[in-house]
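Working notes, beginning with the structure itself.
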Amino acid sequence: CLILPFFFRGKLGRYPPWPGKIVNPPKDLKKPRGKKCFFVKFFGTEDHAWIKVEQLKPYHPHKEEMIKINKGKRFQQAVDAVEEFLRKTKGKDQASSHNSTEEKNRRNSSEERGKQSAGEEKRKASLSEGKVKKGTGEGKKRVSSVSSERGSKSPLKRTQDQSPRKRGRPPKDEKDLTIPESSTVKRVMTGTVAGFKWPPSVSEPVKDSDPHFHHFLLSQTEKPAVCYQAITKKLKICEEETGSTSIQAADSTAVNGSITPTDKKIGFLGLGLMGSGIVSNLLKMGHTVTVWNRTAEKCDLFIQEGARLGRTPAEVVSTCDITFACVSDPKAAKDLVLGPSGVLQGIRPGKCYVDMSTVDADTVTELAQVIVSRGGRFLEAPVSGNQQLSNDGMLVILAAGDRGLYEDCSSCFQAMGKTSFFLGEVGNAAKMMLIVNMVQGSFMATIAEGLTLAQVTGQSQQTLLDILNQGQLASIFLDQKCQNILQGNFKPDFYLKYIQKDLRLAIALGDSVNHPTPMAAAANEVYKRAKALDQSDNDMSAVYRAYIH
């Protein structure tokens, strides 16, 4: 086991060291050129990467040092997984040693009995040869036959004696690819991680525990310095029962479990909390990306990572095959397309535009119409997640519009997200995204309300969190947002002003079909009060402050 100084800049900063284990890479995964490196599996995350030799440090000598540097919960869970692995490995080695000793004793005993038997046969043959002269030739023949038989059986016998010696120790490949996890890690690593298995051998039939899921092994090309592999990606296949709309995988060609980045030129407009992580993962997976941002300085880090710089949205669209955009609200989305030097000026027949902003259905329908009127292709693809999930390439993508374009975006969606849904005609994804964020925003407001009620009634907020984490509401979202409140840390992971915007748009969506949304309306009022208290640019969990002022 090794501690890895994980210092490539793929996520716009340096990663802390992380415990990992050298394993055998899949047969179809190419080793990057250049310096010597090993294929490493990281404990607690299920990610894999090619890591250079000079970046590896022995686990035990650096264990205490690394624990002092990294005090995070996930790092501790990874260390627990390492210790559990070492305990189980040690147990297997001891059992193997014991079995090996027993087999050796049995083999020696068997060989001794074989020698005694051979001596007895020789003695009998000699007596027979001396007493019966007529049968001399026959005696010789029998002795020769016994000797021949013994000679033919000995190698087989030795093989049979030796083979059980390996019975207590699994084959090298199998051992390398099996990593036991502690119970703590098993509780956290669910979904694609918990269900992941290495691709089977040629002779083994492909098995999938859930027919609605396809699991993809994301392999890196040789372009980046560090070949990163996110094993935990998948695209979901299911059927929409209403109408003829269907939800299907973006790519069904990954029969062997691996993908390669598209050869199309990718553009990306908007490098905010979500866009930055998305672009980082696109580059890491080997895509050719041209970036633009209203504040040009934000492009610098990506230029260092290998991205190209576009001077205007129109220039990016005109030089790229598929251009993605991720901006804050309907006004920003319209300005980006219809404004001076905007997207529309770069659209020509065949050019593709994918809007990943969370906006209302009317806005996205208007943008689709103007893009298509110029001969372009349009897809809406808002994403569900936060900054951390964006950085980790674990977003959920909701897409609608041009089905062919959706399939063309397959490798991009797999680089940036864990799951992708195709929801049919333009506007469906916008509606679904607003509903998802309405639920999330209302839940966040309820969490804040519960914590403040606990405080004013003399109950421990920490105890409330512990109880919730042991019940049916337990989730990463609940734990993280409660920790933000308890620690008074409201660094934005999802801006409060954006969740309030989504609540407002969701309420308007309900109004458009005469559907009541009283819970969302109540939550919206609390967020509006938080904005009045100057919490707009803090995390959504800062809605807590609306209750204590």
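The values are calculated or read from the model by the stated rules, or taken from the named source; none is laboratory data. If you're wondering where the values come from, they're calculated on a predicted model, not measured in any experiment. No Cβ is skipped: glycine too gets one built from the backbone with ideal geometry, and neighbour counts run over all protein chains shown. Ligands, DNA and RNA are excluded from the accessible area calculation, which covers all protein heavy atoms including side chains. Shrake-Rupley method; radii C 1.70, N 1.55, O 1.52, S 1.80 Å.
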>> Amide H of Thr323 versus every other amide H placed in the peptide plane: which residues, excluding those fewer than 5 positions away on the same chain, fall under 5 Å?
In response: Gly267, Cys352, Tyr353, Val354
> Between Gln483 and Asp335, what FRET efficiency follows from the Cβ-Cβ distance if R0 is 35 Å, with the result rounded to 0.05?
Replying inline: 0.45
> Of the accessible area of the stretch 433-546, with the probe set at 1.4 angstrom, what percent is carbon plus sulfur?
Replying inline: 56 percent
> Ignoring ligands, DNA and RNA, what percent of the 1.4 Å accessible area of the stretch 246-424 is carbon and sulfur?
Replying inline: 49 percent
> In a shell of Cβ-Cβ distance under 10 Å around Ala429, excluding Ala429 itself, what net charge do Lys and Arg (+1) and Asp and Glu (-1) give?
Replying inline: -2
>> Apply the Karplus curve 6.51 cos²θ - 1.76 cosθ + 1.60, θ = phi - 60°, to the phi angles in the stretch 303-309 and return the couplings in whole Hz, x for Gly and Pro.
In response: 4, 5, 7, x, 6, 9, 9
> Can you work out ³J(HN,Hα) from phi for every residue in the stretch 477-485, in order, using Karplus 6.51 cos²θ - 1.76 cosθ + 1.60 and θ = phi - 60°, giving whole Hz and x for Gly and Pro?
Replying inline: 4, 4, 5, 5, 5, 5, 4, 4, 5
>> Tell me the per residue accessible area of the stretch 268-325 using a 1.4 Å probe; a whole number in Å² is fine.
In response: 36 Å²
> From the square roots a ≥ b ≥ c of the eigenvalues of the alpha-carbon gyration tensor of the stretch 446-549, which class results: rounded (a/c under 1.5), prolate (a/b over b/c), or oblate?
Replying inline: prolate
> Using the heavy atoms of the protein chains alone and a 1.4 angstrom probe, what is the accessible area of the stretch 433-546 per residue in square angstrom?
Replying inline: 51 Å²
>> Which of rounded, prolate or oblate describes the stretch 246-424 when judged by the alpha-carbon gyration tensor and an a/c cut-off of 1.5?
In response: rounded
>> Output wanted: per-residue J couplings in Hz (rounded whole) for the stretch 340-347, from phi through Karplus 6.51 cos²θ - 1.76 cosθ + 1.60, θ = phi - 60°, x for Gly and Pro.
In response: x, 6, x, 4, 4, 6, x, 6
> What net charge do the residues around Pro349 carry, taking every other residue with its C-beta under 12 Å from that of Pro349, with Lys and Arg at +1 and Asp and Glu at -1?
Replying inline: +4
> Working out 0.36 nm times the residue gap between Lys265 and Ile22, then minus their Cα-Cα distance, what length gain in nm do you get to one decimal?
Replying inline: 84.1 nm
>> What does the extension gain come out to for Thr365 and Gln461, with contour length at 0.36 nm per residue minus their alpha carbon separation?
In response: 30.1 nm
>> Filter Lys36/Lys57; Lys431/Lys491; Lys31/Lys351 down to the pairs with a C-alpha to C-alpha distance above 23 Å, please.
In response: Lys431/Lys491; Lys31/Lys351
>> 5 Å is the cut-off here: which amide hydrogens, built 1.01 Å from N in the peptide plane, fall below it relative to His287, excluding neighbours closer than 5 in sequence?
In response: none
>> Under a crude label model (7 Å from the Cα following the beta-carbon direction), how far is Lys57 from Leu473 in nanometres?
In response: 4.1 nm
>> Given R₀ = 41 Å, what would the calculated FRET efficiency be for Leu453 paired with Lys36, taking r from the Cβ atoms and rounding to 0.05?
In response: 0.10
> For the cross-link pairs Lys52/Lys284; Lys284/Lys334; Lys52/Lys298; Lys21/Lys63, which exceed 24 Å when the distance is taken from alpha carbon to alpha carbon?
Replying inline: Lys284/Lys334; Lys52/Lys298
>> Quick query: amide H of Trp18 versus all other amide H atoms, modeled in the peptide plane; which residues come in under 5 Å with a sequence gap of 5 or more or a different chain?
In response: Leu4, Phe6
